[in-house]
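What follows is a single structure, written as structure tokens, with notes after it.
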Amino acid sequence: MAENVRTDVAAGPASAGVAPADGTPRPVARRRPGRGSITLLVVLLLAVVAGAGAATIHARQSPAAGPPSGPPWSPTAAPTTGATPTGTGTGLRSLAPANLRIGSAMEMKLLDADPRFRDIFTTNFNALTAENAMKWRNLEPTRGGYNWTPSDQLVEFGQAHGQAVYGHTLVWHTAVPSWIDESWDTETIRDLLRNHVTTVVGRYRGKVWAWDVVNEVLDEQGGLRDTIWLRKLGPGYIADAFRWAHEADPNARLFINEYGTEGRTRKADGLFRLVRELRAVGVPVHGVGFQSHLRWDRTPDDTTGNLRRFADLGVSVAITELDVRITLPVTPEKLQRQERLYRHMLRACLTVPTCESFTVWGFSDATSWINTTYPDHGAACVFDADLEPKPAYDALVETLRERRGRVDVPSPGSG
Ligand code: G3I
């Protein structure tokens, strides 16, 4: 199945079931698009102010910092895998509470291409998700012929820059290698899937702090999606994948990741039932990832309440792939609506104590997947195509600063 099949599912149904934006208009943003130098000054000022408190924040964070608690049968979620969340620099990561990682999807070729891009990334983010490098069809383009280089390099980069690595994704119907033939017998297919999960998780044992074990396993009605895995292996493949991953790295956090479930949708209800059922029979599901590929003009319905009900099941939650695409042309009003949505999602995450990470799906409008997938949309990220911060970036800074006092508790001797 071609990878770009994903394009279709992201476009429509993921957006269904969301309510129109209903936020109260905010004061007009401090600057308008195109005034890059003023924007930069404002952000630098904010960053300097943030930096003044950064030493204190750093002192409070420790390598043992992790989500408040894990399910009884799970590891305590201390990020011994991957990098510590300790912030460096003065960007978003230095403002985040110790139990929240701020991440971005990333590709090694982007980091290699532009030192300024790399600096913004390392300054602002203390987590990275492999945007494509760890997908099965990229890792094993021919049977047994692995290409580990891009994913190894990403892991090494994350370790070198204090960034926890989020593995994406072990089981996804659009990333099935082309050499797999569905007409093969069930046992062969099952062995292949088990071998894939075990090999990849085993290779990065102790280096990847969390995995999207299964990705997009639901249809738009909240039932199980019709995929090669469901057809060949039956619904038990989901539980099996989690168990295999857990065996391969008992300390990794294991997530189920889905789109169109940020708000109260029918699909979100289906996800809720699935997670509850998996947990009830002891499947090691540690977290639920909400992709959050949003449109500028639609706000998910009751995001906080929705995240909370999942957290109440005893799992962590995470915003895993946030972006907010804008119908072209971009206008100041649309950027303002976009800013509100970024703020809305971060606030929801900060409100739920077990929201472990807040990840954007790329941070630059120049390189976002939106550009090639939605020709009539763009500008989905928090930095523009010239790598200038947008109102949405300021919104994240402000929201993190607002919440710092509620989460960080001064520790003795911290200065
Ligand atoms: O790298 C090749 C390049 O060599 C080739 O010339 C070019 C020709 O099309 O393709 C390039 O690969 C593309 C790859 O992105 C890297 O840019 C693939 O065609 C393209 O299909 C792939 O798209 C990715 C997509 O997932 C499918 O895997 C996007 O970058 C990535 O952002 C997107 O991410 C998904 C998440 O994994 C799951 N949730 C939804 C999200 C957005 O669709």
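Couple of notes before you dig in:
- Karplus-derived HN-Hα couplings along the range 285-293 (A = 6.51, B = -1.76, C = 1.60, θ = phi - 60°), whole Hz, x at Gly and Pro: 8, 9, x, 10, x, 10, 4, 6, 8
- Per residue, the accessible area of the range 96-162 comes to 37 Å², computed with a 1.4 Å probe over protein heavy atoms only.
- Full-stretch length increase - GLN159, GLU247 - with 0.36 nm per residue and alpha-carbon distance subtracted: 29.4 nm
- Debye equation applied to the C-alpha atoms of the range 112-161, log10 I(q)/I(0) at 0.16 Å⁻¹: -0.53
- Close amide H partners of THR261, meaning residues 5 or more places away or on another chain with modelled amide H under 5 Å apart, are GLN291, SER292.
- From phi via Karplus (6.51, -1.76, 1.60), per-residue ³J(HN,Hα) for the range 193-204 in Hz, x at Gly/Pro: 5, 4, 4, 4, 4, 5, 5, 6, 5, x, 4, 9
- Long-range Cα-Cα pairs in the range 216-292 (distance over 19 Å), rounded percent: 35
- Per the Kirkwood formula applied to alpha carbons, the range 298-415 shows a radius of gyration over Rh ratio, Rg over Rh, of 1.03.
- For the range 244-355, the alpha-carbon radius of gyration amounts to 1.16 times the rule-of-thumb value 2.2 N^0.38 Å expected for a compact globular protein.
- For the range 150-250, the square roots of the Cα gyration tensor eigenvalues, ordered a ≥ b ≥ c, give a/c of at least 1.5 with a/b greater than b/c, which places it in the prolate category.
- For GLY362, the residues whose modelled amide H falls within less than 5 Å of its own, excluding neighbours fewer than 5 places apart on the same chain, are ALA105.
- Under Karplus coefficients 6.51, -1.76 and 1.60, residue-wise ³J(HN,Hα) of the range 152-169 in Hz, glycine/proline x: 4, 5, 5, 4, 5, 4, x, 4, 6, 10, x, 10, 5, 9, 9, x, 9, 9
- Carbon plus sulfur fraction of accessible area for the range 116-187, probe 1.4 Å, in percent: 46
- Rotationally averaged projected area of the range 309-375 (alpha carbon convex hull; nm²): 5.3
- Per residue, the Cα convex hull of the range 265-325 amounts to 72 Å³.
The values are calculated or read from the model by the stated rules, or taken from the named source; none is laboratory data. Not measured: the values here are computed from a predicted model. We work out accessible area using only protein heavy atoms, side chains counted, and drop any ligands, DNA or RNA first. Shrake-Rupley method; radii C 1.70, N 1.55, O 1.52, S 1.80 Å.
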